[in-house]
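One structure is given here, and the rest of the page talks about it.
The values are calculated or read from the model by the stated rules, or taken from the named source; none is laboratory data. Please read all numbers here as calculations on a predicted model, not as lab measurements. All Cβ positions, even for glycine, are placed from backbone atoms using ideal geometry, and neighbour counts span all protein chains on display.
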Amino acid sequence: MANNKSSRKDIRRTARRTEQNRTVKSRLKTLSKNVAAAKDADEQKKAAAALASAMDKASKSGIIHKNKASRVKSRLAKAAAKAAAAK
């Protein structure tokens with residue numbers, strides 16, 4: 001257990017931030033699943049845009065690394081191009 005006042009405050013602060021970060025990461029996973037489960041191209045496009053936006057926001061606030069956000073967005077674009085070429 002923390003011995004001084006600032007350490008106890010740090011523990012509370014860390015717990016609060018951890019919970020917020022967990023919520024955002026869970027949302028990112030849900031959005032990713034929505035993209036994979038999209039029925040048609042229009043629905044997939046909307047889901048991919050929502051995921052890309054959420055990734056940018058999460059990387060901007062430091063929840064995920066900026067390179068991870070870029071990698072996910074790149075793979076989304078690549079999959080969308082492949083789907084468009086298949087039609």
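Table: residues versus (1) free of Cβ contacts under 8 Å to residues at least 24 places away in the same chain; (2) under 20 Å from the mean Cα position of the chain (by Cα); (3) part of a helix (DSSP H, G or I).
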position	(1), (2), (3)
Arg27	no, yes, yes
Asp42	yes, no, yes
Lys46	yes, yes, yes
Leu51	no, yes, yes
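Among (1) farther than 24 Å from Ala69 by Cβ; (2) of a type in the set (D, E, K, R); (3) loosely packed, with under 12 Cβ neighbours inside 10 Å, there is one condition Arg16 misses while meeting the rest; what is its number? The failed condition is (1). If the condition is being under 18 Å from Thr30 (Cα atoms) and either in a loop (DSSP other than H, G, I, E, B) or modelled with pLDDT under 95 (or both), then region 58-74 contributes Ile63, Ile64.
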